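Written out below as structure tokens is the structure these notes cover.
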Amino acid sequence: MDKLERLAGFVRESSRIVFFGGAGVSTESGIPDFRSEDGLYHQQFDYPPETILSHTFYKRHPDIFFDFYRKKMLCLSAEPNDAHKKLAQWEQEGRLLAVVTQNIDGLHQKAGSRNVLELHGSVHRNYCEKCRRFYPAEFILQCEGSPRCSCGGIIKPDVVLYEESLNESVLERSIQAIHDADLLIVGGTSLAVYPAAGLLQYYEGDRLVLINRSPTPYDSRADLLLSGKIGEILRSLP
């Protein structure tokens, strides 16, 4: 039995699937990841991306932050790929408990998924830091410099920057979903960013599947390991 057949068998036999994904899930939709050869961390900017995407830099240099954010993080024309669509299908069939994602692009929801736990927030939620008024991502994209609310406050994207904590409620719900899963599929993530990567320790089952294009620190713990594009692999499943 080859690996795809084994994975298909896991899916058929499972009723509480949880998918844990990272930036590699959206690369097939044209959104760059961070750590691959073509990722943001290997491109040249005036400051390292990790620095620009930190809370300290956002506070000290908001105009530079938003210039980078609009050019590299706001990909509003991107469409869901086969991975997003397959996960939405499984949820509609009642087989998938939740999608736990490190992505902020909203493509899982765009594909039809409802129970999406966004560990790092979403570009589609933006709030005035002064009065908490909500603004859509399109407003941020159309602004120049630091986006300002009508009250004068800066409008901050509801995304988790470096030095910021994850949302406790989202974190707790993600831990519970992973704990309850009878099949945990992890795809498109280097599993190098904590505390998100540490969530795998809460899985107590014996069907841990890792799908990635490059090795991860958790490869030796996987019950099934596949190398390749997540969309192509999920498209072949029932």
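In the set (1) in contact (Cβ under 8 Å) with a residue 24 or more places away in the chain; (2) at positive phi, the condition left unmet by Leu199 is number (2).
Report, by residue number, each residue of the range 214-230 that is in a helix (DSSP H, G or I) and either open to solvent by 40 Å² or more (accessible area, probe 1.4 Å) or of a type in the set (D, E, K, R) (or both). Spell out how you get there, then give the answer.
Restricting attention to the range 214-230, the residues satisfying the condition of being in a helix (DSSP H, G or I) are 219-221, 230.
Result: Asp219, Ser220, Arg221.
Tallying residues that are within 11 Å of Val18 (Cβ to Cβ) and out of contact with any helix residue (DSSP H, G or I) (no Cβ under 8 Å at 6 or more places or on another chain) within the range 186-222 yields 1. Any idea which residue in the range 200-213 is nearest to the chain's Cα centre (by Cα), counting only those that are open to solvent by 20 Å² or more (accessible area, probe 1.4 Å) and closer than 30 Å to Ile52 by Cβ? This residue is Asn212.
Would you mind stating whether Lys59 is open to solvent by 10 Å² or more (accessible area, probe 1.4 Å), more than 23 Å from Asn126 (Cα to Cα) and among the basic types (Lys, Arg)? No. If you go through the range 110-133 and keep only what is within 21 Å of Glu168 (Cα to Cα) and open to solvent by 10 Å² or more (accessible area, probe 1.4 Å), you end up with Arg114, Asn115, Val116, Glu118, His120, His124, Arg125, Tyr127, Glu129, Arg132. Looking across the range 170-199 at every residue that is farther than 16 Å from Ser26 by Cβ and modelled with pLDDT under 95, the one that is surrounded by the fewest Cβ atoms within 10 Å (Cβ to Cβ) is identified as Tyr194. Sub-6 Å Cβ pairs linking a first residue in the range 146-174 that is basic (Lys, Arg) to a second residue that is modelled with pLDDT of 95 or more and open to solvent by 60 Å² or more (accessible area, probe 1.4 Å), at least 6 apart or interchain, are Lys156/Glu129, ordered by first then second residue.
Quick check: is even one residue across the range 81-99 modelled with pLDDT under 95, under 17 Å from the mean Cα position of the chain (by Cα) and closer than 27 Å to Ser165 by Cβ? If you could, list the steps in order and put the result at the bottom.
We begin by selecting, within the range 81-99, every residue modelled with pLDDT under 95; these are none.
Taking every residue of the range 81-99 in turn, none turns out to be modelled with pLDDT under 95, under 17 Å from the mean Cα position of the chain (by Cα) and closer than 27 Å to Ser165 by Cβ.
Reported count of residues in the range 97-146, each being on the phi > 0 side of the Ramachandran plot and touching a Cys at 6+ places or on another chain (Cβ under 8 Å), is 0.
The values are calculated or read from the model by the stated rules, or taken from the named source; none is laboratory data. It should be emphasised that the depicted structure is a prediction, and the values quoted were computed from it without experimental measurement. Please note: Cβ atoms are built from the backbone with ideal geometry, for glycine as well, and neighbour counts cover all protein chains shown. These area figures cover heavy atoms from the full protein model, side chains too; ligands, DNA and RNA do not enter into them. Shrake-Rupley method; radii C 1.70, N 1.55, O 1.52, S 1.80 Å.
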